[in-house]
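Engineer: Before anything else, here's the structure in question.
The values are calculated or read from the model by the stated rules, or taken from the named source; none is laboratory data. Here the structure is a predicted model, which is why all the values come from computation and not from measurement. So basically every Cβ, Gly included, is an ideal-geometry build from the backbone, and we count neighbours across all protein chains shown.
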Amino acid sequence: MSELSAFLKEHEARHLEELKELLRIPSVSTDPAHAGDVRRAAEWVRANLEAAGVPATLHETAGYPIVYGERLDAGPEAPTVLVYGHYDVQPPDPLELWTTGPFEPTVRDGRLYARGATDDKGQMFAWLKAAEAHLAVRGKLPVNLKFMIEGEEEVGSKHLSSYVESHKAQLGCDAVVISDSPMFAPELPSITYGLRGLAYFEIEARGPEMDLHSGLFGGAVPNPINALARIIAQLHDDQGRITVPGFYEHVRDLTVEEREAWAALPHDDEAFRASVGAAGLRGEEGFSTLERIWGRPTLDCNGIWGGFTGEGAKTVLPAVAKAKFSCRLVPDQSPEDIEAKMAAYIESLAPAGVRVKLTHLHGGRPILFNPENPAVQAARRAFGAAYTAPAVNIRGGGSIPVVADFSDILQVPVVLMGFGLSDDRLHSPDEKYDLVCFYNGIRAATAFLDEYAAG
Ligand code: BES
Ligand code: MN
Ligand code: MN
């Protein structure tokens, strides 16, 4: 490792410049106006892999291309590792809340600020540099290495299940590694052994055929905004539980051991509250903050609009109201089952004279792994190349839809070895990646390849 360490040290400045180059490409997958930029980011990743010595091509899908690279000359005795990551990013809005431009990566106080800095360009980049270091120093890799870097993670990875299914042989491996999640705290490396799933919906409520004068018609004609607000208000009870019939039917209870282990983690509710700037915390009664985020399902309204929202006042009785909302799911809930239950319940809540329509936008299944297998043990040892504290086991509240497909279709362990921090403001203005995390991530990824090869 010492020659590798020296190489990494020597190339720190170049690595940062390269990541900045990638961060300057606004690869916002949800916005068609950025379609060319998303492809440019794919091409950048492909070229960077090639430059590192990993032959790579773009595999077209019905959406954005998958960058696929492989270097399989470690020999038949060596294990095979598949690295997954994503080169697409979330939209940067609201732009006015960024201290410096979202696509003008800037270092301040040892932190690199840009959209995608931590999610996921910065973290994914560690694995490109790990391969580069091994190939530059030793001319070969200790494992057979495959890369699958996609461009539709932030929009639900909807073309990935079929890709993994139809490229099962090509993607065959002994373990998948993913760096797309936070560590529990700085200096506390973490193995994420579970992620929540997701079911994302849009709901439309329609009243009259057109917007009406609220003086001439208000009080006698149903108002779809009032109706939608009532529907949303009925989705939780006073204890913070979701009222959709059967919603908790397949929820697996947290084990006593898990609850005890989480309670022992260095979490402070007051610091957590202060970090989000809210006046207080709120959630399902009977559960701690970590349990609410990692181990319990949720339903959150993500956006709501309709009627008149311009300057001043307009006395209108609107024709339509819409909202987007989503559920975070835990084992053993499924997006399909929740969609069916949600559609039936929403229908039952619609008042006379208002038609509601629920559309399922995308989903992903929750996952839960046994936190011990040879790949995870290698990851624990690899973190030792960068951190002194042993890695803790955590779960994540976010979702990476393809993880369940890797697990089910490839039937191999998935190691979620996150290098970020939970205060990285992913999806928010001023997203950042600490340079300490950046360099430690590259060190840990580089060490992982040796550790996993050693078995
Ligand atoms: N990197 C995140 C997932 C994540 C966040 C895992 C925090 C663990 C902790 C990923 O890029 C993401 O944002 N996923 C989306 C899902 C997608 C279907 C839009 C999410 O969780 O909202
Ligand atoms: Mn991500
Ligand atoms: Mn994300």
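Engineer: Please state which one of L216, L228 is closer than 28 Å to Q90 by Cα, in a helix (DSSP H, G or I) and either assigned by TED's automatic domain parsing to the domain that holds Q377 or out of contact with any Pro (no Cβ under 9 Å at 6 or more places or on another chain) (or both). Working first, answer last.
Structural biologist: Working: L216 fails: closer than 28 Å to Q90 by Cα.
After applying the criteria, what remains is L228.
Engineer: Going by the conditions given, is T100 without any contact (Cβ under 8 Å) to a residue 60 or more places away in the chain and on the phi < 0 side of the Ramachandran plot? It would help to see each step written out before you state the result.
Structural biologist: Working: without any contact (Cβ under 8 Å) to a residue 60 or more places away in the chain: yes; on the phi < 0 side of the Ramachandran plot: yes.
Spelling it out, T100 is indeed without any contact (Cβ under 8 Å) to a residue 60 or more places away in the chain and on the phi < 0 side of the Ramachandran plot.
Engineer: Looking only at segment 118-126, decide whether some residue is over 21 Å from the mean Cα position of the chain (by Cα), hydrophobic (A, V, I, L, M, F, W, C) and surrounded by 24 or more Cβ atoms within 10 Å (Cβ to Cβ). Working first, answer last.
Structural biologist: If we filter segment 118-126 for residues that are over 21 Å from the mean Cα position of the chain (by Cα), which is where we start, we get none.
Checked segment 118-126: no residue is over 21 Å from the mean Cα position of the chain (by Cα), hydrophobic (A, V, I, L, M, F, W, C) and surrounded by 24 or more Cβ atoms within 10 Å (Cβ to Cβ).
Engineer: On to the next question. How many residues does segment 164-195 hold that are among the acidic types (D, E) and over 19 Å from D423 (Cβ atoms)? Let's see the steps before the verdict.
Structural biologist: In the first step, residues of segment 164-195 are kept if they are among the acidic types (D, E); the result is 165, 174, 180, 187.
If we keep only those that are over 19 Å from D423 (Cβ atoms) too, we end up with 165, 174.
Counting residues in segment 164-195 that are among the acidic types (D, E) and over 19 Å from D423 (Cβ atoms) gives 2.
Engineer: Right, another one. For segment 160-207, give me each residue that is charged (D, E, K, R) and surrounded by 22 or more Cβ atoms within 10 Å (Cβ to Cβ). Walk me through it before giving the result.
Structural biologist: Just the residues of segment 160-207 that are charged (D, E, K, R), to begin with: 165, 168, 174, 180, 187, 196, 202, 204, 206.
Once the filter is applied, which keeps residues that are charged (D, E, K, R) and surrounded by 22 or more Cβ atoms within 10 Å (Cβ to Cβ), segment 160-207 yields D180, R196.
Engineer: Could you count how many residues in segment 137-159 are away from ligand 3 (no atom under 15 Å from the Cβ), buried (at least 21 other Cβ atoms within 10 Å of the Cβ) and either modelled with pLDDT under 95 or hydrophobic (A, V, I, L, M, F, W, C) (or both)?
Structural biologist: 5
Engineer: Considering only segment 86-101, state which residues are touching a Leu at 6+ places or on another chain (Cβ under 9 Å) and surrounded by fewer than 24 Cβ atoms within 10 Å (Cβ to Cβ).
Structural biologist: Q90, G101
Engineer: Right, E209: assigned to a strand (DSSP E or B) and outside the structural domain of V392 (by TED's automatic domain parsing) or not? Explain how you work it out, then say what you get.
Structural biologist: Values: assigned to a strand (DSSP E or B): no; outside the structural domain of V392 (by TED's automatic domain parsing): yes.
No: the conditions fail for E209.
Engineer: Looking at segment 410-429 only, could you name the residues that are more than 15 Å from ligand 3 (Cβ to nearest atom) and buried (at least 22 other Cβ atoms within 10 Å of the Cβ)?
Structural biologist: V414, V415, M417
Engineer: OK, next. Can you run down the residue pairs with Cβ atoms below 9 Å, 6 or more apart or on separate chains, where the first is in segment 336-354 and surrounded by 18 or more Cβ atoms within 10 Å (Cβ to Cβ) and the partner is at pLDDT below 95?
Structural biologist: I338/G363; E339/G363
Engineer: Can you pull out the residues in segment 118-143 that are touching a Leu at 6+ places or on another chain (Cβ under 9 Å), within 11 Å of Y439 (Cα to Cα), within 16 Å of ligand 2 (Cβ to nearest atom) and not hydrophobic (A, V, I, L, M, F, W, C)?
Structural biologist: Result: G122, single match.
Engineer: Of the residues A74, A42, which is touching a strand residue (DSSP E or B) at 6+ places or on another chain (Cβ under 7 Å), within 28 Å of P92 (Cα to Cα), assigned by TED's automatic domain parsing to the domain that holds A169 and not charged (D, E, K, R)? Can you show your working first?
Structural biologist: On the way: A74 fails: within 28 Å of P92 (Cα to Cα).
Matching residue, one of A74, A42: A42.
Engineer: So, one more: So D180 passes all but one of these: (1) part of a strand (DSSP E or B); (2) within 11 Å of ligand 1 (Cβ to nearest atom). Which condition number does it fail?
Structural biologist: (1)
Engineer: Which condition number does S166 fail, the rest of (1) free of Cβ contacts under 8 Å to residues at least 24 places away in the same chain; (2) within 17 Å of the chain's Cα centre (by Cα) being met?
Structural biologist: (2)
Engineer: From the list P245, P266, which one is assigned by TED's automatic domain parsing to the domain that holds A350 and part of a loop (DSSP other than H, G, I, E, B)?
Structural biologist: Result: P245 is the single residue among P245, P266 that is assigned by TED's automatic domain parsing to the domain that holds A350 and part of a loop (DSSP other than H, G, I, E, B).
Engineer: Okay, moving on. Using the structure shown, decide if R395 is surrounded by fewer than 20 Cβ atoms within 10 Å (Cβ to Cβ), within 16 Å of ligand 1 (Cβ to nearest atom), of a type in the set (D, E, K, R) and within 15 Å of the chain's Cα centre (by Cα). Give the derivation first.
Structural biologist: Values: surrounded by fewer than 20 Cβ atoms within 10 Å (Cβ to Cβ): no; within 16 Å of ligand 1 (Cβ to nearest atom): yes; of a type in the set (D, E, K, R): yes; within 15 Å of the chain's Cα centre (by Cα): yes.
For R395, the condition - surrounded by fewer than 20 Cβ atoms within 10 Å (Cβ to Cβ), within 16 Å of ligand 1 (Cβ to nearest atom), of a type in the set (D, E, K, R) and within 15 Å of the chain's Cα centre (by Cα) - is not met.
Engineer: Looking only at segment 251-304, which residues are in contact with a strand residue (DSSP E or B) (Cβ under 7 Å, 6 or more places away or on another chain), closer than 20 Å to H236 by Cα and either charged (D, E, K, R) or surrounded by fewer than 12 Cβ atoms within 10 Å (Cβ to Cβ) (or both)?
Structural biologist: Residues satisfying the conditions are D300, N302, G303.
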